[in-house]
Amino acid sequence: MGGRGFDEPMIRFDEVTYTYAGAPRPAVRELTLQLNPGEILAVLGANGSGKSTLACLVNGLLLPASGRVSVADMDTADESTMWDVRSQVGLVLQDPDDQIVGTVVEEDVAFGPENLGVESAEIRVRVDEVLAIVGLTGFERREPHLLSGGQKQRLAIAGALAMHPDYLVLDEPTAMLDSAGRESVLALIERLRAQGVGILFVTHHLADVIHADRAIVLDEGRVAFTGTPIELLGQEEVLASCGLEVPPLQRVESTLRAAGLPLPTGPLAVESIVEALCN
Amino acid sequence: MGIVFAYAITLFMVDGFAGMALVAVLAGLAIRASRVPVRLVLRGLRAVLFILMFTLLAHAIRINPATVALVRLGPIAIDPDGLRTGAFFAARIVLLVLGTSLLTLTTTPVQLTDALERIMRPLARFRVPTGEIAMMLTVALRFIPTTAEEAEKIVVAQTARGARFDRGGPVARARAYVPVLVPLFVNLFRRADELAIAMESRCYRGGLGRTRLNQSVMTGVDWAILVGGVTIFVINGVLL
Amino acid sequence: MQLRFADVSHIYGIGTPYEQGALENVSFTVEPGTLTLVLGPTGSGKSTMLRLGAGLLDPTAGQVSVGDSGAWDTPSPGTVGLVFQRPETQLFAETVLSDVAFGPTNLGLDRDRAREASREALVSVGMDPERFGDRSPFTLSGGEARRAALAGVLALKPRFLLLDEPTAGLDATGRHALHQAIRGVRDRTGVVVVSHDAEEFLGVADQVLVLTEGRVHFLGTREEVLADPLVLEVDDLRAPDVLRVQMLARDRGLDIGAFSLDPEIAAQRILQVGRWGR
């Protein structure tokens, strides 16, 4: 990532701590991180590591007990800019059924822009545009309960994109999906990367990390590691202690690397590994 | 939608066959205007066929009447006055069902809630949260199929654990559904919380200032039927 | 004792205009003490097969039965246990113990015997009845709730256990706990795991069944799958990545020999063939 000016929009956490009411420990502790425009950041951690809390802190649904969360220099705790923050940060939750409000697809996508008071004709343009991005063109009048899991999740993402946010926060977007659904959502994330949308996605699937520019691992509310995906996948002890498992393919890759096999920088797909083997 | 309300009220205000005939004409026109196949509209009557027969016979049949009968079969007779009354009530039911069938066949849930919101708008002056109510209705409608699916899944899962829903008297049967209703409601409440988070994240802040993707528009035909309906309402109330 | 599908077909709404075929001529057997992995994309008939296996449906053709050469019977909650996807959403009782006891109670056990069975079931999924028994099921974490729901079915002491995507949505710790629970019951029970993802359970499966569009695409042992992993790749299903690397390497001329599911072993075999490594 090239150098960015100080006044470029970005998401920042400065020493953020948050404790749920009645909880014995803070969910998030003195957390500091930064998401730059157009960057994809993966937040990993076992269940209970604080990663979902992080997602809700980004757009101000939860406010830090101490520290500061800011989006494009707007403090999330500032009530006067609350709705600006929320329109710039689209949040997509784990269970798509918990987010779909409309009785048909296009009505649900329109929900966000309608709340922002966008004009009818412009809403139409946005709906068609985001449905094309998520690959649901033609589904405008479909009722949501007739969609597959992957389609529902892409609909939820479309609903967030329709507000034209600078950032997208995805909380375990593939958790409820089968492999076909997962692939379609991960492919969508790749397409969004090309669009310049900054994405923060939370997951416990280590394999998803290959779609990110940077990754951080949370353990009991603190940052245990931060770096590129390939650096992360090499850190087996840190991962194990944080309750994460290195996927089998990456274990093959690291065993081959450790033996001295010249492999391009990873993480690699099956084809790339075999390609390197045959040369 | 307002038309349907007025339609229904009119039907109950009508006293004689003449008024009924007028309403029938209006219904016929509305059906033509909607371009819904008559077959589909009439299908709605199938559900109430039993009630219709029952109404007719309940009024028409007399045991040992004093007045002149049309037909006699031992003590059971068909009384012409009763038959007329029965026919009247039956006709009212028919027209009522036709009207509401037409409504559900031509209107999407969104249009229904839209119309409800429009009708309720005057209430906003009295601080009634009409926009929010309309939103609640939309969301409720949206979740009906999803909730039905969940309920079915839970019933099947509990059946697999040996639960029986067909045994015992009414109290026992009601109790048998506790293992289904409790998780269903717990999930619904949890879902409501998550939905609220999702809606707030998408900047929902109540009904004010919201625009709409699809604005509903009254066409000429809509106006004609509206005017026709109001006219009949007036005629019935004032003249008949 | 076996769980047997004999030439089973099932059509929903048969005879009505809404007919929809779900399974066609499916035959296979499950023995106690074994684990059968059933793979198939969405729509392949997996959930119909589960419902038939638990006796919740009667097949429109063929027979599903539990028993042996002496006597065959239709499956019932006492003989075949079924755990659906995300079963934690079906917990309802005031305490974990009474929820787990729901099954045994339905089967006619008296209160004390039902509670005893429930305690045993909780132990078998790694949950201490003293710690968890009196808690409300709604205070459990995702992984704990999942295991409590599993205990609810195990308390019925079924001879056969059908699991629908048992590890969906669990993190690494939750998955380990679930695998351990399955290992614990396996010696007495015939386990069937239904999944769309081969990677997780292939290593512990004795028998593999691949369904596509309601029909059997492949039925065989794990060894047979390892000999030719292509049998797993039908519709949008893919073989586990570890196998795909070895398959592709073999296609490109590297003579790896027998495939392994273990990533380190697979990597070593590849290195030996290419004579890289020390």
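Before moving on, here are some points about what is shown:
- In the range C:72-127, GluC sites (Glu not before Pro) in a DSSP loop with at most 16 other beta-carbon atoms within 10 Å: C:E94
- D (Stokes-Einstein, µm²/s), Kirkwood Cα radius, the range C:125-278, 1.306 mPa s at 10 °C: 89
- Between the range A:162-183 and the range C:3-29, the Cα center-to-center distance that results, in Å: 36
- Virtual paramagnetic centre 7 Å along Cα→Cβ of B:V186, amide N under 20 Å, in the range C:80-107: C:82-106
- Length gained on full extension, B:V25 to B:N214: 64.9 nm, using 0.36 nm per residue less the C-alpha separation.
- Translational diffusion coefficient (Stokes-Einstein; Kirkwood radius from C-alpha pairs) of the protein assembly as shown at 25 °C, 0.890 mPa s, in µm²/s: 80
- Panel order for B:Y204, A:Y167, by other beta carbons found within 10 Å of each beta carbon, from fewest to most: B:Y204, A:Y167.
- The range A:65-133: GluC sites (Glu not before Pro) in DSSP loop, at most 13 other beta carbons within 10 Å: A:E119
- Spatially proximal lysines relative to B:K153 (Cα-Cα < 29 Å; intrachain offsets below 8 disregarded): A:K152, C:K46, C:K157
- Sites B:L123 and A:T226 - FRET efficiency at Förster radius 56 Å, r taken between beta-carbons, to 0.05: 0.55
- Computed log10 I(q)/I(0) for the range A:11-246 at 0.08, 0.12, 0.15, 0.16 Å⁻¹: -0.29, -0.65, -1.01, -1.14, from the Debye equation with unit scatterers placed on every C-alpha and solvent omitted.
- Whole-Å distance, taken between Cα centres, linking the range C:171-232 and the range C:32-69: 14
- Cα centroid separation - the range C:248-265 against the range B:179-210, whole Å: 51
- Pairwise inverse Cα distances across the range B:130-201, averaged and inverted, put the Kirkwood hydrodynamic radius at 14.1 Å.
- Each label point was placed 7 Å from the Cα along the Cα-to-Cβ direction; for B:D193 and C:Y12 their separation is 3.2 nm.
- Sorting B:L213, A:L91 by the number of Cβ atoms found within 10 Å of their own Cβ, with the fewest placed first, yields B:L213, A:L91.
- Percent of alpha-carbon pairs separated by more than 13 Å within the range C:122-169: 58
- The mean number of Cβ atoms from other chains found within 10 Å of a Cβ in peptide C:163-176 is 4, as a whole number.
Any read-out appearing in this document is the output of simple, stated calculations on the displayed coordinates, not a laboratory observation. Quick caveat: nothing in here was measured; it's all calculated off a predicted structure. Reconstructed Cβ throughout: ideal geometry from the backbone, glycine too, with neighbour counts over all protein chains shown.
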